[in-house]
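The values are calculated or read from the model by the stated rules, or taken from the named source; none is laboratory data. Small disclaimer: the values here were computed from a predicted structure and weren't measured. Note that each Cβ is placed from the backbone with ideal geometry, even for glycine, and that neighbours are counted across all protein chains shown. In case anyone asks, the SASA skips ligands and DNA or RNA and just uses the protein heavy atoms, side chains included. Shrake-Rupley method; radii C 1.70, N 1.55, O 1.52, S 1.80 Å.
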Amino acid sequence: MAADLSLIMANQAKVTTNSIVLDPFVGTGSLLVSCANYGGYVMGTDIEYNVIHGRGKTSRSQARSKYRERDESIRTNLKLYGLGKYYLDVMVADSSRNLWRQQDVFDAIVTDPPYGIRESTKKIGTNKDSSQEDDQGAGHIPSTIGYHLSDIFTDLLNFAACYLRLGGRLVYWLPVSRADYCPSQIPDHPCLRLVANSEQVLTGVISRRLITMEKVKDVQGLHDCDATSAVIRNDMYDGHNAIRKKYFIPRSERQKPEKDTNTRTETP
């Protein structure tokens, strides 16, 4: 994530001194650095152990070795910026499986979920016969399956509705097809209010929307007749690689996007 975009996201989330901030798709942790810059205490989760703990091949072109050094980690990165005191922790976790005790603990959730273009979208699971037992011993690495984009975003909103404090904010990127976009594609939850929706054009086919939502109601305060889960009213994510397929569509088959007159932006 570019530094200027990370700072914009932290600003949209209203991160301030002593805020507790989570990135549930933390990756290499660039968003945590920006949130810590505003005085927030930061933590993150990701399904990729090697990425969050600085293992495997390095992305630095001038590195002495093609593999990452032992000190190439999110924690070290924060220390280099003088922000080490704001680091809480990072954990290997699957965002589709809740590991948190029921409580509104976070002031902000700031994240950039994978779209399936450069980073794969996956969750813990298996396509094996359910009668076959999976090894659960020490050192076991569970198998993974595709994580549909519609599930990623509805799970994210459901999580935010449960674990954000009242007035807390969820800020995330939503990939869309420019030709097919309409506001009804933005996930909705009865406990979250849409604050801002801005576009960043990526290619002639794909853009992403910076979505900012604020928690205005507790889940426990919903009535039995109310919807209690996130929904996408116009779901364009009709498969595991929906955005990837749009991204790599042949030029001859591309539709020209209409001018967007529905972008909504408010001062956070």
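A compact table of results
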| quantity | calculated |
| --- | --- |
| Residues of segment 170-192 that turn out to be closer than 18 Å to Q220 by Cα, in contact with a strand residue (DSSP E or B) (Cβ under 9 Å, 6 or more places away or on another chain) and either open to solvent by 40 Å² or more (accessible area, probe 1.4 Å) or part of a strand (DSSP E or B) (or both), as a count | 2 |
| Entirely in segment 53-167, the strands (runs of 3 or more DSSP E) that have 3 or more residues that are modelled with pLDDT of 75 or more and surrounded by fewer than 16 Cβ atoms within 10 Å (Cβ to Cβ) | 87-92 |
| Qualifying residues in segment 1-10 (those that are outside any loop (DSSP other than H, G, I, E, B) and under 13 Å from T111 (Cα atoms)) - the one most open to solvent (accessible area, probe 1.4 Å) | I8 |
